[in-house]
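Comments concern the structure below.
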Amino acid sequence: MSKKRKKYDSTFKLEAIRLVNEEGRKVSEVERNLDISRGTLVRWIREKKADPEEAFPGKGRLKAKDEEIHMLKQELKKVQEERDIIKKPWSTLQRIRNEIYIHIRKQREIQSRPDV
């Protein structure tokens, strides 16, 4: 049977980091006292150091940069779909145009033949 994964909110993570950084406690001690998996607190400290402003955006939320990228990808997908919709009828129109030209050529050939 597998263990159920624990979830921690950003306040909890920031408080655990504060215990290490400001109070000078050892990482292993804080992990043990707060019942955090080994190595998790080190990862949180690394994440906080890499991006202090948006280290833990919360469940289901993206960082501002990631949110912008996500929105731009959605917009690009929409524009590509719209473009494909426009292209589709255009190819149909081209096919119909070609059929009309073929018909006109045949009519001209028929008209240009001498009566037999």
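The values are calculated or read from the model by the stated rules, or taken from the named source; none is laboratory data. The structure presented is a predicted model; accordingly, all values stated were derived computationally and were not measured. Glycine gets a Cβ as well: all are built from the backbone with ideal geometry, and neighbour counts include every protein chain shown. Accessible surface is based on the protein model in full, side chains and every heavy atom, while ligands, DNA and RNA are left aside. Shrake-Rupley method; radii C 1.70, N 1.55, O 1.52, S 1.80 Å.
Points to keep in mind about this one:
- On inspection, Lys65 qualifies as modelled with pLDDT under 85, open to solvent by 60 Å² or more (accessible area, probe 1.4 Å) and of a type outside the set (Ser, Thr, Tyr).
- Some residue of region 25-40 being within 24 Å of the chain's Cα centre (by Cα) and either more than 27 Å from Lys65 (Cβ to Cβ) or open to solvent by less than 70 Å² (accessible area, probe 1.4 Å) (or both): no
- Residue within region 75-90 that is more than 20 Å from the chain's Cα centre (by Cα), among the aromatic types (Phe, Trp, Tyr) and surrounded by fewer than 11 Cβ atoms within 10 Å (Cβ to Cβ) present: yes
- Residue list for region 17-35, restricted to those being touching a helix residue (DSSP H, G or I) at 6+ places or on another chain (Cβ under 6 Å) and either within 22 Å of Lys63 (Cβ to Cβ) or in contact (Cβ under 8 Å) with a residue 24 or more places away in the chain (or both): Ile17, Val20
- Annotation note: Cβ proximity below 9 Å between a residue of region 61-89 that is under 27 Å from Asp51 (Cα atoms) and a residue that is not in a loop (DSSP other than H, G, I, E, B) (sequence gap 6+ or interchain) occurs for Arg61/Glu67; Leu62/Glu68; Leu62/Ile69; Leu62/His70.
- Entry remark, region 41-58: residues being surrounded by fewer than 16 Cβ atoms within 10 Å (Cβ to Cβ) and in contact (Cβ under 8 Å) with a residue 40 or more places away in the chain number 2 in total.
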